[in-house]
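Down below is the structure, laid out as structure tokens.
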Amino acid sequence: MKRSLMIIVGMILILSLSSAVLAAGIKNTKHDLSAGSTAEIKSVGEDQICIFCHTPHNAIVPVPLWNRSTATGSTEFQLYMNEDTIDGTVSNDLAGTVSYMCLSCHDGTTALNNYGYDPASNPAVSGPGVTDGKLSSPAALGKDLTNDHPINITYAYGQDPGLNNPDTIVCQLFDNTVQCGSCHSVHDNTNEPFLRMSNAGSALCLDCHNK
Ligand code: HEC
Ligand code: HEC
Ligand code: HEC
Ligand code: HEC
């Protein structure tokens, strides 16, 4: 009797653990804008998840099969700069970067349902914090990113003694640059808010900075 109870408890544990692993995808996170999502901001009619960002064919931006265009021009953002201490090289043109992709929703100028080549025919995306179909603050960072962590900056390991060896960090560099996607993993909200790793005790910051 006791033994079969233990087996049942064990099976429940295994089941709940495996469903926790399965849940660590994009489905039902705030990045699941599909009509069936449990997120508050979502489409009134589109049931696909990936389509808001990717398409298998005829992508607007080839890599990574990107299905969105951006209302703000790629050179219209103001990025963090500190002439005295910054060692990396900041490029003010975001064209083709992961950051520009994030900002196609997160600068608050492009409608969330602006995907594909005929956005006018797409069902609306709405919810709390969405104004005229676009994100509003705080999820919309705007175009002035001078008060946000540096992005589109080279990871100047070797020049800046305060940076850890890029070969040993968990965070993701893109072509040796820091982008939004360096700290955030867009498909996985295990470490809220969509972080590459937990920031408990500032662990994320200390992944790159040896302060
Ligand atoms: C909210 C936007 C968004 C949605 C929705 C989204 N992705 Fe992505 N995806 C991105 C961005 C941005 C990148 C590039 C940055 C990165 O890899 O972190 C990317 C990269 C990828 C990559 C290549 C890099 C990697 O991580 O393997 C694959 C594969 C991918 N996505 C598949 C999917 C699939 C499949 C879905 C739907 C189930 C999906 N994505 C939904 C934004 C999105
Ligand atoms: C298709 C539009 C879209 C794209 C592209 C997109 N996001 Fe989001 N993101 C959203 C929406 C919608 C929310 C929910 C905002 C809210 O609840 O106010 C969100 C929320 C977030 C949050 C906050 C989550 C929380 O728990 O508060 C983070 C962080 C985030 N996104 C980062 C990113 C990053 C980094 C990228 C690029 C790698 C990206 N997003 C690309 C639509 C997008
Ligand atoms: C150096 C790491 C890092 C980079 C680069 C970064 N973020 Fe974040 N982001 C974070 C952390 C950490 C948080 C959580 C802050 C908190 O909870 O106090 C966060 C929070 C957010 C949020 C939630 C709303 C808010 O203001 O707290 C959004 C949306 C977001 N980031 C989007 C972006 C976008 C878009 C980019 C690129 C323009 C970006 N992030 C670049 C680390 C980063
Ligand atoms: C993916 C790696 C990475 C992560 C994670 C990261 N940073 Fe950075 N950070 C950098 C790089 C690279 C620079 C630019 C350094 C340089 O070129 O001098 C920078 C610059 C800064 C600066 C500006 C320094 C200056 O000279 O003005 C501050 C402050 C900072 N980071 C704080 C943080 C905090 C706080 C966190 C955690 C929320 C964090 N960083 C996470 C890579 C990272």
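The values are calculated or read from the model by the stated rules, or taken from the named source; none is laboratory data. Here the structure is a predicted model, which means the values were calculated and not measured. Here the Cβ is made from the backbone with ideal geometry for all residues, glycine too, and neighbour counts use every protein chain on show. Just so you know, the surface numbers come from the protein's heavy atoms only, side chains and all, with ligands and any DNA or RNA stripped out. Shrake-Rupley method; radii C 1.70, N 1.55, O 1.52, S 1.80 Å.
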Check: Over the chain, what per residue volume does the convex hull of the Cα atoms give, in whole Å³?
Finding: 170 Å³
Next item on the list: Set the Förster distance to 30 Å, then compute FRET efficiency between residue 205 and residue 124 from the Cβ-Cβ distance, nearest 0.05.
Entry: 0.20
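Can you compute the helix-only [θ] at 222 nm over the chain? Use -39500 (n - 2.57) per DSSP H run of at least 4 residues, normalise by all residues, nearest 500 deg cm²/dmol.
Numbers: 4 runs with 40 residues, N = 211.
Taking each H run of at least 4 residues, the total per residue is -5500 deg cm²/dmol.
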Notebook entry, point to check: Taking every pair of alpha-carbon atoms in region 33-102, what share in percent sits in each 5 Å bin, from 0 to the bin with the longest distance?
Noted result: 3, 14, 18, 15, 16, 13, 9, 6, 4, 1, 0
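Report Rg(Cα)/(2.2 N^0.38 Å) for region 98-211, keeping two decimals. Walk me through the intermediate numbers first.
Numbers: Rg = 16.4 Å, N = 114, 2.2 N^0.38 = 13.3 Å.
Normalised Cα radius of gyration, region 98-211: 1.23.
At 0.36 nm per residue, and after removing the present C-alpha to C-alpha distance, how many nm does the segment from residue 106 to residue 148 gain when stretched out fully? Present the calculation step by step, with values, prior to reporting the outcome.
Details: separation 42, 0.36 × 42 = 15.12 nm, distance 1.28 nm.
Roughly 13.8 nm would be gained on extension.
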Check: From the square roots a ≥ b ≥ c of the eigenvalues of the alpha-carbon gyration tensor of region 57-144, which class results: rounded (a/c under 1.5), prolate (a/b over b/c), or oblate?
Finding: oblate
Next item on the list: Within 10 Å, count the other beta carbons around each residue, average over each peptide in 147-157, 75-85, and list them highest first.
Entry: 147-157, 75-85
Margin query: So, taking all protein chains as they sit and a 1.4 Å probe, how much accessible area belongs to residue 27, in Å² rounded to tens?
Written below: 130 Å²
Next item on the list: Eight or more residues apart or on different chains, and alpha-carbon atoms under 20 Å: count the Lys pairs in the chain matching that.
Entry: 5
Next item on the list: Taking all protein chains together and a probe of 1.4 Å, list 94, 141 from the most accessible to the least accessible.
Entry: 141, 94
